[in-house]
1. Would you mind stating whether ILE75 is closer than 17 Å to TRP20 by Cβ and either at pLDDT 95 or above or touching a strand residue (DSSP E or B) at 6+ places or on another chain (Cβ under 8 Å) (or both)?
2. Working only within the range 80-125, note down all residues that are of a type in the set (Val, Ile, Thr) and touching a residue at least 40 places away in the same chain (Cβ under 8 Å).
3. If only one of GLY87, GLY49 is touching a Leu at 6+ places or on another chain (Cβ under 6 Å) and of a type outside the set (D, E, K, R), which one is it?
4. Within the range 141-155, is even one residue surrounded by fewer than 17 Cβ atoms within 10 Å (Cβ to Cβ), aliphatic (A, V, I, L, M) and modelled with pLDDT under 90?
5. I'd like the full set of residues that are of a type in the set (A, V, I, L, M) and without any contact (Cβ under 8 Å) to a residue 24 or more places away in the chain, limited to the range 126-140.
6. Please specify each residue of the range 98-134 satisfying the condition of being touching a Lys or Arg at 6+ places or on another chain (Cβ under 9 Å) and either more than 30 Å from VAL16 (Cβ to Cβ) or surrounded by 16 or more Cβ atoms within 10 Å (Cβ to Cβ) (or both).
7. Residue by residue through the range 5-55, note down the ones that are assigned to a loop (DSSP other than H, G, I, E, B) and surrounded by fewer than 12 Cβ atoms within 10 Å (Cβ to Cβ).
8. Would you mind telling me which numbered condition in (1) exposed (fewer than 14 other Cβ atoms within 10 Å of the Cβ); (2) over 24 Å from VAL154 (Cα atoms); (3) touching a strand residue (DSSP E or B) at 6+ places or on another chain (Cβ under 8 Å) ARG59 fails?
Amino acid sequence: MPEFSLNTNWMIPAPVEAVWPCLIHTENWPSWWKYVISVEEIEPGDASGINNIRRYYWRTCLPYTLTLNLRVTEIQPPRFIAVKVDGDLQGHGYCQLCPDSTNNRTEVEFRWQVQTCKPWMNRFTTLAAPIFAWNHERVMKSGEESLIRYLSTVKNL
């Protein structure tokens, strides 16, 4: 299976204390991130959130969808969460929040190491890898823009 390293950084003009709840409460993502169709909790995990499993249904900029299960493997509120991924992609990833208190901003760093699992994706990866990467960048850029807009209306930041 072809492997992808997908790295994205967001700069959100809000403190970590406002950004963390938006990212951790993924059941709300469909209300502000247009590419997230729905989120289902499969397993609640322990009190800290470890082993919480949620299924995410994603649309993309291109005419295909992805279904991903993310299991929380590490969590350090309000700064870090690591997950194991399976479904249409498999691998692992993390999200880290870094405050910039002088400017009241938060840098959000996403790092994914995943493999494609859909047979058609595997067949065309050699040719389509740049297109898959572009698609991921567009979906993530939309997430950044949407979160900024959401925080500006909901939190009045």
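The values are calculated or read from the model by the stated rules, or taken from the named source; none is laboratory data. What you see is a predicted model, and the numbers here were worked out from it, not measured in a lab. Glycine gets a Cβ as well: all are built from the backbone with ideal geometry, and neighbour counts include every protein chain shown.
1. Answer is yes for this residue.
2. Answer for the range 80-125, where residues must be of a type in the set (Val, Ile, Thr) and touching a residue at least 40 places away in the same chain (Cβ under 8 Å): ILE81, THR106, VAL108, VAL114, THR116, THR125.
3. GLY87
4. Yes, some residue in the range 141-155 is surrounded by fewer than 17 Cβ atoms within 10 Å (Cβ to Cβ), aliphatic (A, V, I, L, M) and modelled with pLDDT under 90.
5. Scanning the range 126-140 gives LEU127, ALA128.
6. Listed by number, the list holds a single entry, PRO99.
7. Across the range 5-55, the qualifying residues are HIS25, PRO44, ASP46, ALA47.
8. (1)
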